1. Tell me, please, whether a residue that is aliphatic (A, V, I, L, M) and under 16 Å from VAL181 (Cβ atoms) can be found in segment 257-268.
2. Would you confirm, using the coordinates I've provided, whether HIS152 is buried (at least 18 other Cβ atoms within 10 Å of the Cβ), without any contact (Cβ under 8 Å) to a residue 24 or more places away in the chain and either in contact with a His (Cβ under 9 Å, 6 or more places away or on another chain) or not assigned by TED's automatic domain parsing to the domain that holds ASP221 (or both)?
3. For segment 118-138, indicate whether the set of residues that are crowded, with 21+ Cβ neighbours inside 10 Å and without any contact (Cβ under 8 Å) to a residue 24 or more places away in the chain is non-empty.
4. In segment 169-188, how many residues are at pLDDT 95 or above, out of contact with any Pro (no Cβ under 9 Å at 6 or more places or on another chain) and in a loop (DSSP other than H, G, I, E, B)?
5. Is one or more of the residues making up segment 202-214 in contact with a Gly (Cβ under 8 Å, 6 or more places away or on another chain), within 27 Å of ILE83 (Cβ to Cβ) and not charged (D, E, K, R)?
6. Between residues in segment 192-220 that are in the same structural domain as LEU178 (by TED's automatic domain parsing) and surrounded by fewer than 19 Cβ atoms within 10 Å (Cβ to Cβ) and residues that are part of a loop (DSSP other than H, G, I, E, B) and of a type in the set (Asp, Glu), which pairs lie under 8 Å by C-beta distance while being six or more apart or on different chains?
7. Would you mind stating whether ARG219 is more than 27 Å from ALA295 (Cα to Cα) and out of contact with any Leu (no Cβ under 6 Å at 6 or more places or on another chain)?
8. Take ILE249 and decide whether it is touching a Phe, Trp or Tyr at 6+ places or on another chain (Cβ under 7 Å) and either of a type in the set (A, V, I, L, M) or assigned to a loop (DSSP other than H, G, I, E, B) (or both).
Amino acid sequence: MTMLTTSTQTNPTRSGFNWPAPLENLSDIKVVLFDLDGTLHDDPRITDFYARVLEEEMVDGTGRGLQNEVADVIQGRHPAAQIGSFVEPSRGIAISAPHWVAEKALDWNGNPVSLLDDSLLGPIQHDGALRYLGDQWQIIGALAARRGANAHILRDAFVRARRFGNDPSTTLIRSEYLDEVLHRLSQGRRFLLATNTTEELARPLVDRLRLQPPFEIIRFDARKPAGCSELISHAREQWNIAPSEILVIGDNLWNDLLPPAEQGCRTVHIDPLGTDRAARWSSARFDNFAAFAAALKELPDEC
């Protein structure tokens, strides 16, 4: 029997956190909000392309070795930057914040850095200077920024990577479980989709995925994490539903799941990188989309 990894903690330390109920049944869910990249679609060729372009195009060879450094972070070998931590690129430091409050800092060689009398002390802000290492896109971008890549270089590489993924000559990788998951969750529920990618770059992928049933709202350039809270507030007002009647499914705790959890929504964390193996910050956590699909088969509508 496939078991759910569900949250059991009742007193999270992040101020104002409204702990999401465990994902024990689906009977109360009226709206399901999905993330796109890393959730409904996952293609490592596209993020690999992103890293490769940055490595090749950054000036004066500053990108050299970027792909190896990304691999070191993902595999836990980096002396400072760890999956689920934050990076301040301009200062070249990594911040550990397991409870979303800066606790300690390391320089890029792994040496401790004092945060006393530092503006980075206290709760991590969604609109601050820190970059969260929560998925491959973020890891690549943060490490490139630490090496000096500016917003223009990062944007150009991102656009090229998305266009590579959208090119008809690039074979679509579509999860064999996608239709099954959407069908299981669709019964009497509204579907929403939010992605931080612009419509020009994300619409071709959405169309190629042939998502059924149709989604009532697709929010491109969603500007998550703040935009996630805004979309949920919009859904609550439009359909007169409570936060506990909304289920949010994503792979990035910081962008996709923490804001709705703070509002009282239930959340599912698709966590292939292992950012939260103990499922402290979600209603349920799965290693990958296939594991989530397997669990859905056994999750009752009523309990």
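The values are calculated or read from the model by the stated rules, or taken from the named source; none is laboratory data. Keep in mind the model is a prediction, meaning the values are calculated, not measured. When we count neighbours, we look across all protein chains shown, and the Cβ atoms used for this are built from the backbone with ideal geometry, even at glycine.
1. Yes; the residues of segment 257-268 include at least one that is aliphatic (A, V, I, L, M) and under 16 Å from VAL181 (Cβ atoms).
2. Answer is no for this residue.
3. no
4. 8
5. yes
6. The qualifying pairs are THR198/ASP221; GLU199/ASP221.
7. No; evaluated as a whole, the condition is false for this residue.
8. Yes, satisfied.
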